[in-house]
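Here is the structure we will look at, set down as structure tokens.
What follows draws every value from the coordinates through simple rules; no lab data is involved. The model shown is predicted, which means the values in this text are computed figures rather than measured ones. Neighbour counts run over all protein chains shown; Cβ positions are idealised from the backbone, glycine included.
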Amino acid sequence: MIKANFDFLGQLFVFGFEGKTLPYDFKRFLKDKDLGGVILFSKNIETLAQTKELCSEIKSLSKHSPLVMIDQEGGEVNRITDNFPVFPSNLSYGENEDKKGVAFAYRTTAQNLRKLGINVNLAPVVDVLTNPKNEVIGQRSFGSDPIKVASFSEIAIDAIHSERVLACAKHFPGLGDVDRDPHHELPRNDNSKKRFEKVDFPPFLEAIKSGVKLIMTSHVFCPGLDSEEISTFSPKICSDILRAELNYQGLVITDDMGMGAIVKNHDLNQACWKAFLAGHDLILLCEDFEKQNSLFEYFKKSVVDKRINQTDFSKRIAKIFSDKKSLAGFLE
């Protein structure tokens, strides 16, 4: 059993940074705190050669193999565009019933990400688009039919994994039937649990059957699933439903905790701690080094103050290492 010491605390976090080179403070953080992962955005990318060197430096500074993540979904969401293959949206593939096309797109994308040293594509979006006013998902979804979305999601995940890049099914428990964007405010989905089981969960179940190793949750209030907590803070959703009912054993990551849905309504550090207690393995915070450093210290103090049972904390850290060990072929 891994001891509950702070050498491993950084494994709980996936952080982003500013600029096209690693800032000095972020380098020190990577080396000293041993982050679980790093997320890249367009602001970090200039050329393919620079990106490859950046990924190599991230890995060389890390004591344990880090998850190097990017959102390269196709359509409107692409962090790399210059001299890199860019493909149509998921919705276009779904509408055209183009299964060969989606397999080629995700396989080719993964192949090129792998060459750069990126080992996680935060894709595919497996949300079922049932609300025509939904702007946050829109063309990122394969469509409004759960069976079709499940089928295309399976193809995408298999294609990504075939090139030894990790796929990530998102955004659990489902963000397809909302009319607000969590980047700015908290969405609400008033559907019943039966409705979720019929519409939103099938693509996630198919993803789990396909061997997906990473699932991202969403910031959304779903009173039909938990009448008290938003999904990010909900053990009912993150643990009871996703783990126990859907039998998912892989890693669970939050969406960016710096989104308006969180920071407009909650203290950031407290919110991240609640997300951890709810069952998330990885806490994603995409920017602001001062906030990231504050978050690390807050978690450290919370463990010291025994706000979590020490044995439970050790098990949570051990799970991350165990999962990463099983993913060695993707992370090498």
Report summary line: A correct fewest-to-most ranking of THR51, THR21 by other Cβ atoms within 10 Å would be THR21, THR51
Query - Spin-label zone in the stretch 127-156 - amide nitrogen under 14 Å from a point set 7 Å from the Cα of ASP98 along the C-beta vector - result: 142
Requested in this report: Please identify every one of the GluC sites (Glu not before Pro) in the stretch 1-110 that sits in a loop by DSSP and has no more than 15 other beta carbons within 10 Å of its own beta carbon.
Outcome: GLU18, GLU46, GLU76, GLU97
**Report entry** the stretch 117-177-the stretch 180-226 distance, computed between alpha-carbon centres (Å)
**Finding:** 12
Requested in this report: For a footprinting-style exposure proxy, rank ASP281, ASP145 by other Cβ within 10 Å, fewest first.
Outcome: ASP145, ASP281
Query raised in the report: What share of Cα pairs, in percent, lie more than 21 angstrom apart in the stretch 181-310?
Result: 42
Query raised in the report: Which percent of Cα pairs goes in each bin when the distances of the chain are cut into 20 angstrom slices starting at zero?
Result: 34, 61, 5
Report summary line: Long-range amide H partners of SER141, meaning residues 5 or more apart or on another chain whose placed amide H is closer than 5 Å, are LEU91
Query - Alpha-carbon Debye profile of the stretch 1-147, log10 I(q)/I(0) at 0.14, 0.21, 0.22 Å⁻¹ - result: -0.75, -1.19, -1.26
Report summary line: Taking a straight Cα-to-Cα line shorter than 12 Å from LYS33, and setting aside same-chain aspartates and glutamates fewer than 8 residues away, one finds ASP7, ASP25, GLU297
Query raised in the report: Based on Cβ point charges of +1 for Lys and Arg and -1 for Asp and Glu, what charge dipole magnitude is obtained for the chain about its Cα centre, in debye rounded to the nearest 20?
Result: 1060
Query raised in the report: Given a Förster radius of 56 Å and the C-beta distance between LYS52 and ASN265 as r, what FRET efficiency does 1/(1 + (r/R0)^6) yield to the nearest 0.05?
Result: 0.90
**Report entry** R0 of 30 Å, Cβ-Cβ distance VAL304-SER227: FRET efficiency to nearest 0.05
**Finding:** 0.35
Query raised in the report: So what's the gap between the Cα centers of the stretch 1-78 and the stretch 82-102, to the nearest angstrom?
Result: 28
Report summary line: Once both label points are put 7 Å beyond Cα along the C-beta direction, the SER239-THR81 separation in nm becomes 4.3
